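Contents: one structure, followed by commentary.
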Amino acid sequence: MSTTTIAPTTPENISSIADELLEQAISSDKSIEVKNMTVSFKTAKGVYTAVKDISLSVNKGEIITLIGHSGCGKSTLMGTISGMVKPTSGEVIANGKKVTAPGPDRGIVFQNYSLLPWLTVYKNIYVAVDSALSDKTTAEKVALVETNLKMVNLWEHKDKLPGQLSGGMKQRVAIARAFSINPKILLLDEPFGALDALTKSSMHVELLKLWNMDHREKTIVMVTHDIEEAIFLSDRVVVMNNGPAATIKEIVDVPLPRPRNKKDIVHDPVYMTIHDKLLNLLIDKFSIDD
Amino acid sequence: MKDLFSAKTALSVLYFAAGMIILGGIWALVSKISKNEIPNPQATWVVFKEVMHNPMQNDPDYKGIGTKLLSSLGRVAIGFGLGSLFAIPLGLIMGSSKIAMKMVNPIVQILKPVSPLAWFPLGLAIFKDSPHASIFMIFICSLWPTLINAAFGASHIPQDHKNVSKAFGFSQYKYLTKILLPFSLPHIITGLRLSIGVAWMVIVAGEMLSGGQGLGYFVWEEGFNGGNIAKILVAIIIIGIVGSLLDKCFTWLQQKFSYAV
């Protein structure tokens, strides 16, 4: 904000001020910026490069999915945004700050729910809120847990242990936990991979419902290998090349209007075109050779 | 409690009784072969009743079997308690830090297989007092299973749980109380269960060496030196039953603190 206090306005610097203001206005719209990022790991067999020279920017309130084959580095890319994985070179900016470690401005939903099995549903969320939002009062924390558990319709199950819940319910707890710390960015790492198709479908709708209730202000990045899921949920689908040294193959826009209807959307010609395109990008062979 | 009298329970009781009868048969046979050098079950039962008469007698010149048992249990409790207080934190530190593991583990591997009997004279030299020496012996010997199990628990915390702690920014205290301790607790209890077993085995040897007190002294002095083999058998039965009850307590704790994933 120091630029606005520059003293005399002369014709020479007025354009540069305008430029800077414009850039600020644009960059404040950016939720995540990945800049020329490479991630390598040291392994027994030498250095393994998971993703190479990736650049990607995600707007505020955008839903974006990362899709690709297993081991293509999509989870690694996600990990650098969450702060769990450190880039070897390049950088990640999230909410205007360089990512160096995980933080409460980025909520994470893990692939395998990652609930603490010795804590009840209620306490699983409460410890997360208590840690991430430590400056809030106890009453505020309690209220947050209650609101979010009710939002995913699990209030009546609040005293159960995770072991007593179905997979879908566990994932709803994990989602409620991520939402309850009210992060600007929500990171979902193959969140519905372990669920059956029916549960998965209803979870998609629930996720969008939560996103709507929050005025579509949260940026959501999700890793998946499910094309239908990717199209139904996202504004853009990032298709990744196969690793090692994976890069972004193509970014496919999904210009379908919201709210989307699961039943009708599949008959939409735009949906079908995108579906075909993604299928072609991901799969080389469509039938066995004669 | 409603299925206490179910067919399944009745059958287990029946099998238990059958096992006891077979054991009693072998015992009687051994007794017969040794020409009653080893007293038979009936003779032992007579001595058992005699021993159990006024078990809580606590005169300066003679202490009943119950009093002796309590004094043994008391020493086990102190030695085992001190050992656990030492072993649990050290084990958790070993399990959490690779450096601590590398420093302490070789020492543990060397000291663990040392016989309880070797520690007793050292304790005597340190404390100049045999009851303290037997507590020292129990302390040292009952330390290892708890230490090793606590270290195993703490070093096997799943990455998922650690990720939760990172993602939501748990403080060290929160990590300790909400992840490290709850995850390690079942392992610690397994360690405690093994440790109390060791402590109970060691106490008899310790009291034989220290003399004057407890069940070990009873076995040695009243049984062997007193030429009353039946008393040795009675002591063996009592030691066995008490040991299995102690084990049951920890099995119960194990079940209470296990959780479904």
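The values are calculated or read from the model by the stated rules, or taken from the named source; none is laboratory data. Not measured: the values here are computed from a predicted model. Methodologically, a virtual Cβ is constructed for each residue, glycine included, from the backbone with ideal geometry; neighbour enumeration extends over all protein chains shown.
Data overview
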item: Filtered residue count, region A:149-165, keeping only those that are at pLDDT 90 or above and either within 18 Å of A:Lys218 (Cα to Cα) or small (Gly, Ala, Ser) (or both); result: 1
item: Residues of region A:116-164 classified as in contact (Cβ under 8 Å) with a residue 40 or more places away in the chain, basic (Lys, Arg) and within 9 Å of another protein chain (Cβ to nearest Cβ), total; result: 0
item: Residue in region B:58-66 that is surrounded by 14 or more Cβ atoms within 10 Å (Cβ to Cβ), touching a helix residue (DSSP H, G or I) at 6+ places or on another chain (Cβ under 6 Å) and in a helix (DSSP H, G or I) present; result: yes
item: Of residues in region A:267-288 being surrounded by 13 or more Cβ atoms within 10 Å (Cβ to Cβ) and touching a helix residue (DSSP H, G or I) at 6+ places or on another chain (Cβ under 8 Å), the one modelled with the lowest pLDDT; result: A:Leu282
item: Residue in region B:35-53 that is under 23 Å from B:Phe139 (Cβ atoms), basic (Lys, Arg), assigned by TED's automatic domain parsing to the domain that holds B:Gly227 and surrounded by fewer than 16 Cβ atoms within 10 Å (Cβ to Cβ) present; result: no
item: Qualifying positions in region B:155-172 - part of a helix (DSSP H, G or I) and either within 10 Å of chain A (Cβ to nearest Cβ) or of a type in the set (Gly, Ala, Ser) (or both); result: B:Ser155, B:Gln159, B:Asp160, B:His161, B:Lys162, B:Asn163, B:Val164, B:Ser165, B:Lys166, B:Ala167
item: Answer from B:Phe257, B:Phe218 - the residue that is within 23 Å of B:Leu143 (Cβ to Cβ) and either exposed (fewer than 15 other Cβ atoms within 10 Å of the Cβ) or in contact (Cβ under 8 Å) with a residue 24 or more places away in the chain (or both); result: B:Phe257
item: Selection from region B:164-177 of residues that are more than 32 Å from the chain's Cα centre (by Cα), buried (at least 19 other Cβ atoms within 10 Å of the Cβ) and not small (Gly, Ala, Ser); result: B:Val164, B:Phe168, B:Phe170
item: Close pairs (7 angstrom Cβ cut-off, 6 or more residues apart or separate chains): of a type in the set (Ser, Thr, Tyr) in region B:26-37, modelled with pLDDT under 95 anywhere; result: B:Ser31/B:Ile38; B:Ser31/B:Pro39; B:Ser31/B:Asn40
item: Selection from region A:65-105 of residues that are modelled with pLDDT under 90, in contact with a helix residue (DSSP H, G or I) (Cβ under 7 Å, 6 or more places away or on another chain) and within 12 Å of chain B (Cβ to nearest Cβ); result: A:Pro104
item: Filtered residue count, region B:221-232, keeping only those that are surrounded by fewer than 22 Cβ atoms within 10 Å (Cβ to Cβ) and assigned to a helix (DSSP H, G or I); result: 8
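This table checks each residue for (1) surrounded by fewer than 23 Cβ atoms within 10 Å (Cβ to Cβ); (2) more than 20 Å from A:Asp189 (Cβ to Cβ).
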| site | (1), (2) |
| --- | --- |
| A:Thr49 | yes, yes |
| A:Lys60 | yes, yes |
| A:His69 | yes, no |
| A:Gly83 | yes, no |
| A:Asn95 | yes, no |
| A:Tyr122 | yes, yes |
| A:Ala128 | no, no |
| A:Leu133 | yes, yes |
